[in-house]
Amino acid sequence: SGQVTNAVAVIVAATPCPLILAVPVAIIAGMSKASTRGAIVKGGAALESLARAKTVLLDKTGTLTQGGPEISKITFSPTVDEDHVLTLAASLEQSSPHVVAKAIVLEAKRRGLRLVRASDVAEEHGSGLTGLVGGTTVYVGQPLNALPDWAKIENSLVVAVTLNDELAAVFGLDDPLRMEAAETIANLRALGVTRIAMVSGDRKSTAEAIANEVGLDEVFAECKPEDKLSIVRSEMKRAVGTVIAVGDGINDAPALAAATVGVAMGARGATAASEAADVVIVEDSLAHLADAIDVAQGARNRALQAAGVGMTLATGAMLLGAFGIFNATASAVAQEFIDAAAILWALVPAKSRIRK
């Protein structure tokens, strides 16, 4: 039309404020809401990645299970003194923050045994602990060889004790499944997660029993930290959406750092896991994992909707300005209302899709 006033009205209405304002507001609102539901999301990128979750890899101990195993059975070699073996094992385990170590120390204290300080302690994450106690080389961890007849037990978690490379005892521990585990798996599937697998350092039979109970797609058992890292990388290569790794121990930290989104069970887990993760579950409940994904999906949808609605309204205002219906002042006022509408829509909580 050659009308300068129309051109100015179009330019005023064309500012991309709905896009610039609505998306960050929706993301920050989502991070805030996630924190009220027990999950600290460390950044907007992590929240957006959570919303696109398609694969979830779960640790077993402390994640799917309560993470507080208790000793229910101990078998000793016929040639050893039981209290002496337990004293050496517990003395070594004082140097580890692992939940299994705490259970062994607690059993020794319950029996009134006097513990000493271990030296030259070395921990192979995901395997066991080795050190010197009173001149004896002590190893406490996963059985390194096939167990003899006297040591065969059927507990969900088995820990071997060797003294100077000779098997001296086997501890049987039970770690009950979290009450919310099965419901959380169902909620994850309702949120669009298509593949859920367990990546555990425990025996295959133990891991498969838990996986069958909650309905997982696949089990990776007897994994060391480097195995977990390799599995995460492999899953990321073939996954369509985001790969989420969930764990609580120091041996899970490399996998959490490598995953698209690492989620740490931070209430009782290792500090290293929380530092490596993008999301920290601050309350001791696996249900907050589904909550975090639910909130992330709602925030992402609200961001897209608010930006789309705002830009559509802005385009309408531009057309009105082009045909002379809006002058520059009317376009400016309209743009303010459009911005306010986009921000308010971004702040509206999305409806939850999970069962409570």
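The values are calculated or read from the model by the stated rules, or taken from the named source; none is laboratory data. Keep in mind the model is a prediction, meaning the values are calculated, not measured. Backbone-built Cβ (ideal geometry, glycine too); neighbour counts: all protein chains shown. Note: accessible area is taken over every heavy atom of the protein model, side chains too, but ligands, DNA and RNA are not part of it. Shrake-Rupley method; radii C 1.70, N 1.55, O 1.52, S 1.80 Å.
Assuming 0.36 nm per residue, please report the length gained on full extension of the stretch M179 to T79 beyond their Cα-Cα distance.
Difference between extended and current length: 31.9 nm.
Between helix 17-36 and the chain, what is the angle of the helix's C-alpha long axis to the longest principal axis, kept within 0 to 90° and rounded to the nearest 10?
Orientation of helix 17-36: about 30 degrees from the principal axis.
Once both labels are modelled 7 Å past Cα along the beta-carbon direction, what's the S35-K224 spacing in nm?
Taking the simple label geometry, S35 and K224 are separated by 4.0 nm.
Compute the distance in nm between two label points, each set 7 Å from the Cα along the Cα-to-Cβ direction, one at V348 and one at S205.
5.7 nm
For the range 252-356, which chymotrypsin sites (Phe, Trp or Tyr not before Pro) are both in a DSSP coil and crowded by at most 15 other Cβ atoms within 10 Å? Mind dumping the intermediate values first?
Working: sites: F323, F326, F337, W345; in loops: F323, F326.
When the chymotrypsin sites (Phe, Trp or Tyr not before Pro) of the range 252-356 are filtered for loop state and at most 15 Cβ neighbours within 10 Å, F323 remain.
With respect to the cross-link table entries K204/K237; K42/K73; K73/K237; K54/K102; K102/K351; K33/K224, which display a Cα-Cα separation exceeding 31 Å?
Numbers: K204/K237 25 Å; K42/K73 42 Å; K73/K237 42 Å; K54/K102 35 Å; K102/K351 42 Å; K33/K224 35 Å.
Going by Cα-Cα distance, K42/K73; K73/K237; K54/K102; K102/K351; K33/K224 fall outside the 31 Å limit.
In terms of solvent-accessible area of protein heavy atoms at a 1.4 angstrom probe, what is the ranking of T5, T260, T162, highest value first? Walk me through the numbers before you get to the answer.
Numbers: T5 90, T260 60, T162 25 Å².
Greatest to least solvent exposure: T5, T260, T162.
Express the carbon and sulfur contribution to the solvent-accessible surface of the chain as a percent, rounded to the nearest whole number, probe 1.4 angstrom. Intermediate values should be presented prior to the final figure.
Values: 9360 of 16490 Å².
Whole-percent figure for carbon plus sulfur exposure: 57.
Out of I27, L106, T61, whose Cα points farthest toward the positive end of the dipole of the range 1-143 (charges: +1 Lys, Arg; -1 Asp, Glu; placed on Cβ)?
I27
Tally Lys and Arg at +1 and Asp and Glu at -1 over the other residues with C-beta under 12 Å from the C-beta of I153: what net charge comes out? Numbers along the way, then the final one.
Numbers: positive: K73, K152, R203; negative: D149, E154, D174.
Residues close to I153 contribute a combined charge of 0.
Might you tell me the accessible area per residue for the chain, computed with a 1.4 Å probe and given in Å²?
Numbers: 16490 Å² over 356 residues.
So the chain comes to 46 Å² accessible per residue, rounded to a whole number.
Would you mind counting up the charge near I343? Only other residues with Cβ under 12 Å from its Cβ, with Lys and Arg at +1 and Asp and Glu at -1.
Working: positive: R302; negative: E336, D339.
Local net charge: -1.
Heavy atoms only, probe 1.4 angstrom, no DNA, RNA or ligands counted: give me R37, R52 ranked by accessible area, highest first.
On the way: R37 40, R52 100 Å².
Per-residue accessible area, sorted high to low, gives R52, R37.
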